[in-house]
Amino acid sequence: MKNIYKKINISYTLLLLLFISLLSGLFREILSFIFVLIIHEIGHIISSFYYGWNIDSIKFGACGGYITYDQPFEKPYKEEFIIAISGFIMQAVLFIAVSFLYKMHIIDPKLTYLITKYNVSIFLFNIIPVIPLDGSKVLLILLNKLFPHKKSLYVLTSISTIVCILMIILIINLNVKIEYSYIIISIFIIKNTYKYYMLIPYIQFRFLFERYMYGIKTNKYKTINGGDLNKMYKNKKHIFVINDKKYQESLILSKKFDYFNNVW
């Protein structure tokens, strides 16, 4: 954890926003926003270290923070869920702390208002089930329990797209004043959803290859009729039934990946 600062990446967009806010006299506002953002990400970082997840990078941009990991896909749902909601937990702690400091007259009403405002805004924004927000990560855990791994990824991108469209329609119908922040956030969500959609074949390939290389320790089994690997579930072993014969998933996976393994 002592070298975590080396993995922090701050976008030029955020730096530009800081510079503009300094010139426009909104420096206190943007600092309050960034402070809440950091508190949120600290929650993810603490839970990630607790479960031994390897953090690849911590990115901060104008639309928020985002943590990427360098680790296998097969992780317990409990760990994924706690890491996904730990940002919200830290924000709840922040809300209690700010309320206490305000009552003790340690911080002034203006600062209390700003921190509370951005705390609530970031909390509500991250609940939305659109990629790459925390709400989408919680939703993906549920989808992985209901659908095969690959299908759950496509369902997630579909839901993310639909929710984004509904948000845009709602803003237009409510005659909300269109600000640059709404445009930036919309572009950010649409871009990340499209990028995620295009990466699904690679994500699925990696999921299958990791299962082939390392297997999985679980007592939960799923029967699949036929040899379609795309019907495999996360965190479950599979029995493939082909022409009334049963095959372990390791055998089916080896037929797909032994060639690649020999080439490498």
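The values are calculated or read from the model by the stated rules, or taken from the named source; none is laboratory data. Computed from a predicted structure; not experimentally measured. We place every Cβ from the backbone using ideal geometry, glycine too, and count neighbours over all the protein chains shown.
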* Structure fact -> The correct count of residues that are of a type outside the set (Lys, Arg), crowded, with 18+ Cβ neighbours inside 10 Å and within 14 Å of PRO148 (Cβ to Cβ) in region 204-228 is 4
* To do: Starting from residues that are of a type in the set (Phe, Trp, Tyr) and surrounded by 11 or more Cβ atoms within 10 Å (Cβ to Cβ), keep the ones in region 229-264 and report whichever is modelled with the lowest pLDDT.
  => PHE260
* To do: Please work out which residue is nearest to ILE190 (Cα to Cα), limiting yourself to region 97-108 and to residues that are hydrophobic (A, V, I, L, M, F, W, C), without any contact (Cβ under 8 Å) to a residue 12 or more places away in the chain and assigned to a helix (DSSP H, G or I).
  => ALA97
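Just to be sure I understand, how many residues within region 196-244 are acidic (Asp, Glu), in a helix (DSSP H, G or I) and without any contact (Cβ under 8 Å) to a residue 12 or more places away in the chain?
So the count comes out to 0.
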* Asked: Mind checking whether some residue in region 68-89 is without any contact (Cβ under 8 Å) to a residue 24 or more places away in the chain, touching a helix residue (DSSP H, G or I) at 6+ places or on another chain (Cβ under 7 Å) and on the phi < 0 side of the Ramachandran plot?
  -> no
* Quickly run through region 136-158 and pick out the residues that are more than 24 Å from LEU229 (Cα to Cα) and surrounded by fewer than 22 Cβ atoms within 10 Å (Cβ to Cβ). => VAL138
* **Filter result for ILE131 (at pLDDT below 95, within 30 Å of ASP258 (Cβ to Cβ), of a type in the set (Val, Ile, Thr) and part of a loop (DSSP other than H, G, I, E, B))** => no
* Single condition TRP53 does not satisfy, out of (1) in a helix (DSSP H, G or I); (2) crowded, with 17+ Cβ neighbours inside 10 Å -> (1)
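Among the residues of region 172-187, are any in contact with a strand residue (DSSP E or B) (Cβ under 8 Å, 6 or more places away or on another chain) and either not in a strand (DSSP E or B) or not polar (S, T, N, Q) (or both)?
No.
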* **Matching entry among LEU111, LEU94 (being among the aliphatic types (A, V, I, L, M), surrounded by fewer than 18 Cβ atoms within 10 Å (Cβ to Cβ), part of a helix (DSSP H, G or I) and in contact (Cβ under 8 Å) with a residue 40 or more places away in the chain)** => LEU111
* Is there a residue in region 58-76 that is modelled with pLDDT of 90 or more, part of a helix (DSSP H, G or I) and farther than 22 Å from LYS7 by Cα? -> no
* Structure fact -> Residue hits (region 203-222; in contact with a helix residue (DSSP H, G or I) (Cβ under 6 Å, 6 or more places away or on another chain) and of a type in the set (S, T, N, Q)) are GLN204
* Hey, can you tell me all the residues within region 114-128 that are of a type outside the set (S, T, N, Q) and assigned to a helix (DSSP H, G or I)? => LEU114, ILE115, LYS117, TYR118, VAL120, ILE122, PHE123, LEU124, PHE125, ILE127
* Asked: Given the conditions (1) surrounded by 15 or more Cβ atoms within 10 Å (Cβ to Cβ); (2) within 25 Å of ILE187 (Cβ to Cβ); (3) of a type in the set (Asp, Glu), which single one is not true for GLU80?
  -> (2)
